[in-house]
Structure formats: structure tokens, C-alpha cells
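Here the structure is laid out as C-alpha cells; the discussion comes afterwards.
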Amino acid sequence: MKVLIPVKRVLDYNVKARVKADQSGVDLANVKMSMNPFDEISVEQAVRLQEAGTATETIVVSIGPAKAQETIRTALAMGMDRGIHVQTDDDLEPLAVAKILKALVESEAIDLVIAGKQAIDGDNGATGSMLAAMLGWPQGTFANSMEFGGDSLTVKREVDGGLQTVKLSLPAVVTTDLRLNEPRYASLPNIMKAKKKPIDAKTPADFGVDTAPRITTVKVTEPEARSAGVKVEDVPALVAALKTEGVI
Ligand code: AMP
């Protein structure tokens, strides 16, 4: 089974996002960037599938600027076999990303795609489902666990207030949720080994897909500052405050 893992380089989740002065987006100049956390979970899952003998080849792809190669190297250091870098300085919309992934799935004869449930920069949560729809493949979104049996895959999905179990025929698309696994840290020897693993260089034009944007970002704003809280003496004062202020 050939497994494809799409990974996106995003603003590190520990860094506070700062909006650009012209409100056109988040300022990414000189800030720490890392692999999207949900994609780390996908990479871990692919490596585990390989260790279990379920996956025969694990391929990591990132669509992004030159530095996305670092993100690919991280996945290779975690244990994946080889990488594909589709270089672009544009932050492509999910539809364009999904079109490129579809072309790769077809040219690489992929059996399973594990994407993150969302990239924490744009919070679109759309790419995996768009890809499944365009391929006509079943999808198991928000995966909490994955179990293979013959030519099918059972996915436990994280739904509001519980879990839903679904069975998918393969090939399929899965999107990862936080509790699927705990990603490993790459060891130093594996970081060194990863430097020798191949990364194919491509551009969106190589896939002949239309990546023109359909969406214009009108404005990005920071959350409103919270007003200071008040201290109340006792429960009656709290109830009175709730009645008059409506909030604590
Ligand atoms: P999104 O739909 O943008 O929230 O992204 C969901 C998932 O799609 C991510 O977790 C990645 O697995 C994949 N993805 C999105 N954008 C890219 C990209 N530029 N390169 C590689 N994978 C991506």
C-alpha cells in the first residue's frame, strides 16, 4: 500500500499571530514556522503503518515556498521514505492544493492519503474532503483511530460528544484528529539519514492544474481585547451582576 502524506509549513502553534498593519493577513516575517500539527500526526501514522508492514512506501508532499523543504526533511527524519516539493510562493487555496494532490495520487498510484483535518493557519479544513470528492474515494475525517482489515479500513471519527465508527473501502482519504497518536521526535541519526533521502522538485505548472485564486481575503483582524473582570463579594452579588451585566 502506497501512502501519501501532504504536509503544510505554517506559523508555529506556539507563536502568537500578529496581523499586518494593512489587515491583509498574518505577518510571517521573521517568525518561527513549523509543520502543521495535524500533519505531524499524519506523518507519525504513516511511519507506524510502514513499521507494521501495512505501508510499502510512504511519500511526503509539501506545496509551498523553498523553505517547505525543511518541513519535508522533518517528515523524512521521522521515518518517511521520500519527498516531493511543489514549489510556489503563493498560499494556494484548498481547491488548488487538492487538484495538485489528485494529480500526484494518480501519477504515483497512491492507495491511501492521510491529510490533517485542518491547517492551523487558514483553518479551512477543506483539502482532504475536496481531494476525496475529486477522486471519488471514501473519506474518514477527524480520525481518532485507524484499523486495516483486508481491503478495507475502519476509522473511528471524533464527532461532537463521542466517536463514530465507519468502514471504508480502499483506496481512501483519511484526515487526522489530535488523539490519533503522539508524533515522535526525530533522533539525531535519523535527521542525518534524512539528508540523503530524495526530494523531487516540482511546480504547480507541472501538474497542469488551474491554481488561480477564487477567494479574496477582505480583511484579517485580531480578536477584540477582553474587558477587565470584576470581583464580587458573595453569591447574591454574583447573581445581581449576572442579571445586570449578563456576563461574568
Ligand atoms: P486546510 O484544508 O487548508 O485546512 O488543510 C488541511 C490539510 O490539507 C493539511 O493538514 C495538509 O495535510 C493539507 N494541505 C493543505 N495545504 C497544503 C499545502 N500547501 N501543502 C501540502 N499539504 C497541504
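Tabulated results
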quantity: Whether segment 2-221 is rounded, prolate or oblate, judged on the alpha carbon gyration tensor where a/c under 1.5 counts as rounded; calculated: rounded
quantity: Lys, Arg +1 and Asp, Glu -1 on Cβ, resulting dipole of segment 177-248 about Cα centre, debye, nearest 20; calculated: 600 debye
quantity: Gain upon complete extension [residue 225, residue 31; 0.36 nm per residue less C-alpha separation]; calculated: 67.6 nm
quantity: Environment charge of residue 223, counting only residues whose C-beta is closer than 15 Å and scoring Lys/Arg +1, Asp/Glu -1; calculated: +1
quantity: Listed residue (115, 42, 74) projecting farthest to the positive dipole end of segment 2-221, Cβ model; calculated: 74
quantity: Residue 27 long-range amide H proximity, modeled H, under 5 Å; calculated: 18, 19, 20
quantity: Neighbour cut-off at most 15 other Cβ (10 Å), DSSP loop, GluC sites (Glu not before Pro), segment 165-248; calculated: 224, 233
quantity: Segment 1-48: trypsin sites (Lys or Arg not before Pro) falling in loop per DSSP and having at most 10 other Cβ within 10 Å; calculated: 16, 32
quantity: Within-12-Å neighbourhood charge of residue 32 [Cβ basis; K, R +1; D, E -1]; calculated: +1
quantity: Distance-filtered residues of segment 126-170 - backbone nitrogen under 11 Å, label point 7 angstrom along residue 179 Cα→Cβ; calculated: 144-145, 157-164
quantity: Karplus-derived HN-Hα couplings along segment 106-119 (A = 6.51, B = -1.76, C = 1.60, θ = phi - 60°), whole Hz, x at Gly and Pro; calculated: 6, 6, 9, 6, 7, 9, 8, 10, 10, 10, x, 5, 6, 8
quantity: ³J(HN,Hα) computed for each position of segment 169-175 - Karplus, 6.51 cos²θ - 1.76 cosθ + 1.60, integer Hz, glycine/proline x; calculated: 7, 9, x, 8, 10, 10, 10
quantity: Chymotrypsin sites (Phe, Trp or Tyr not before Pro), loop per DSSP, at most 13 other Cβ atoms within 10 Å - longest free stretch of the chain; calculated: 14-184
quantity: Residue of 230, 86, 26 that the Gaussian network model of the chain assigns the largest fluctuation, springs spanning Cα pairs under 10 Å; calculated: 230
quantity: Calculated FRET efficiency for the pair residue 197/residue 154, C-beta based, R₀ 25 Å, to 0.05; calculated: 0.20
quantity: Listed peptides 126-135, 194-203 by packing density, highest first (mean Cβ within 10 Å); calculated: 126-135, 194-203
quantity: Distant-in-sequence amide H partners of residue 157 (H built 1.01 Å from N, under 5 Å); calculated: 144, 164, 165, 166
quantity: Label point distance in nm, residue 19-residue 170, each placed 7 Å from Cα along Cα→Cβ; calculated: 4.6 nm
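Bear in mind these aren't lab numbers, they're just calculated from the coordinates by the rules spelled out. What you are looking at is a predicted structure, and each value in this text was computed from that prediction instead of being measured. Don't worry about glycine lacking a Cβ; one is built from the backbone with ideal geometry, like all the others, and counts go over all protein chains shown.
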